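The values are calculated or read from the model by the stated rules, or taken from the named source; none is laboratory data. The model shown is predicted, which means the values in this text are computed figures rather than measured ones. Using ideal geometry, Cβ is built from the backbone for each residue, glycine included, and neighbour counts are taken over all protein chains shown. Each accessible area value is taken on the protein alone, full model and side chains, heavy atoms only, with ligands, DNA and RNA left out. Shrake-Rupley method; radii C 1.70, N 1.55, O 1.52, S 1.80 Å.
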Amino acid sequence: MKQVPFLDLKAPHQELQAELDAVWARVRDSGWYILGPEVEAFEQEYAEYCGVRHCVGVANGLDALHLALRAMDVGTGDEVIVPSNTYIATWLAVSQCGATPVPVEPDPATHNLDPDRIEAALTPRTKVILPVHLYGQPADLDPILAIARRHGLRVLEDAAQAHGARYKDRRVGAHGDAVAWSFYPGKNLGALGDAGAVTTNDDTIADRLRVLRNYGSRVKYVNEVQGWNSRLDPLQAAILRVKLAHLDAWNARRVEIAALYLRELADCGVRLPQVPEWSQPVWHLFVIRHPQRDGLQQRLAEAGVDTLIHYPIPPHRQQAYAAQGWPEAAFPIAEQLAGEVLSLPIGPHLSPDQAQQVVAAVRAAH
């Protein structure tokens, strides 16, 4: 029995070895190791890919969220609407601004922020709505943007898992006021370490981001504000430029695997992802649900199939947010998802045989 890894991080680099070796030599020999031409070139290429005017590279996805909020003037005393079901980085970015994350439950069908629940959570202190395109499936942006317009709020999208995803036939990257990206190695578009960016059509937000990421400075030794050191590394930018050219093809492979899973696992007792007709996900994760999730995960492990849980502990139950005092049952949908979700292997380098092994293991395990 061969082991099916959850995600093969070596395979994309082996596929692109010659191109990546050339990139390493180019950056090594350039003498330019902070910001500079490689970063500027990636920013332009990714902005064009997303159909947006600006892309600002930063050090990682959390910084992308945090600095975007800072560029929107979010600070102490403000509130930001966040999903109750997300990776904790979404909340941490808000807290790092001195603001308060206000959780809103997801739509149980899509696991994404439920627009119908947002207005009940708004207060005079609300400044931003922060939807997450979880698992690579876009959140329902039109009603979220409509709520924001009615109440004079900003929208910051967390697209850390949604590189190339489309909402109503338009690529994610320019719907809200700004969109935060992570290029963590396991993402659909991943670097060889931490990396991030923000895309926006707002000239003011883009200008503020470029200052904030560079010690609050646009001219050396002249510091306009108290900024941060959060700059996309030129080597990572150069690697991302190579991979960006392959992103659509790699996403297409993910779509094929997801289609196989949806077809072959339709009648085997697990709850499969639901995709609205307006959504074109890129399947960063393929997340099933089962009431006896832990037992299912163990049986799949015994069958040689690696799986992960995204995410086993909701942010409101993390020790980091214990001081907020939320009772355990405050967000029952997030609680239920945390106890039932299981992510199956999916990635552009998962072979057809491996995908069939996953299908067979799930069918046998139920």
Q.
Which residue is farthest from Gln274 (Cα to Cα), if the candidates are limited to the range 106-121 and must be open to solvent by 10 Å² or more (accessible area, probe 1.4 Å) and assigned to a loop (DSSP other than H, G, I, E, B)?
A. Asp114
Q. Among the candidates Ala330, Ala303, which residue alone is small (Gly, Ala, Ser), in contact (Cβ under 8 Å) with a residue 12 or more places away in the chain and closer than 15 Å to Pro5 by Cα?
A. Ala303
**Q.** Single condition Ala41 does not satisfy, out of (1) touching a helix residue (DSSP H, G or I) at 6+ places or on another chain (Cβ under 7 Å); (2) within 20 Å of Val128 (Cβ to Cβ); (3) assigned to a helix (DSSP H, G or I)
**A.** (2)
Q. Scanning the range 273-290 for residues that are in contact with a helix residue (DSSP H, G or I) (Cβ under 6 Å, 6 or more places away or on another chain) and in a loop (DSSP other than H, G, I, E, B), which turns out farthest from Val132 (Cα to Cα)?
A. His290
Q: Filter the range 21-44 for residues that are within 28 Å of Arg166 (Cα to Cα), out of contact with any Gly (no Cβ under 6 Å at 6 or more places or on another chain) and open to solvent by less than 60 Å² (accessible area, probe 1.4 Å) and give the result.
A: Glu38, Ala41, Phe42
(Q) Being farther than 27 Å from Ala238 by Cβ, open to solvent by 30 Å² or more (accessible area, probe 1.4 Å) and in a loop (DSSP other than H, G, I, E, B) is true for just one of Pro124, Pro185, Pro143, Pro138. Which residue is that? (A) Pro124
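Being among the aliphatic types (A, V, I, L, M), under 19 Å from the mean Cα position of the chain (by Cα) and farther than 30 Å from Ile346 by Cβ is the requirement here; does Val132 meet it?
Details: among the aliphatic types (A, V, I, L, M): yes; under 19 Å from the mean Cα position of the chain (by Cα): yes; farther than 30 Å from Ile346 by Cβ: no.
Answer is no for this residue.
Somewhere in the range 57-67, is a residue assigned to a helix (DSSP H, G or I), of a type in the set (Val, Ile, Thr) and either farther than 18 Å from Ala206 by Cβ or touching a Leu at 6+ places or on another chain (Cβ under 9 Å) (or both)?
No, there is no match, as no residue in the range 57-67 is assigned to a helix (DSSP H, G or I), of a type in the set (Val, Ile, Thr) and either farther than 18 Å from Ala206 by Cβ or touching a Leu at 6+ places or on another chain (Cβ under 9 Å) (or both).
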Q: Residue by residue through the range 308-330, note down the ones that are in contact with a helix residue (DSSP H, G or I) (Cβ under 8 Å, 6 or more places away or on another chain) and either part of a helix (DSSP H, G or I) or open to solvent by less than 20 Å² (accessible area, probe 1.4 Å) (or both).
A: Pro314, Pro315, His316, Arg317, Ala320, Tyr321, Gln324, Glu328, Ala329, Ala330
Q: Output yes when any residue across the range 69-79 is over 18 Å from Ser182 (Cβ atoms), open to solvent by less than 30 Å² (accessible area, probe 1.4 Å) and either without any contact (Cβ under 8 Å) to a residue 40 or more places away in the chain or of a type in the set (Ser, Thr, Tyr) (or both), and no when none is.
A: yes
**Q.** Every pair of residues 6+ apart whose Cβ atoms lie under 6 Å, when the first sits in the range 163-180 and is under 19 Å from Lys243 (Cβ atoms) while the second is open to solvent by 30 Å² or more (accessible area, probe 1.4 Å) and in a loop (DSSP other than H, G, I, E, B)
**A.** Arg171/Gly51
Q: Confirm whether Ala245 is among the aliphatic types (A, V, I, L, M) and open to solvent by 60 Å² or more (accessible area, probe 1.4 Å).
A: yes
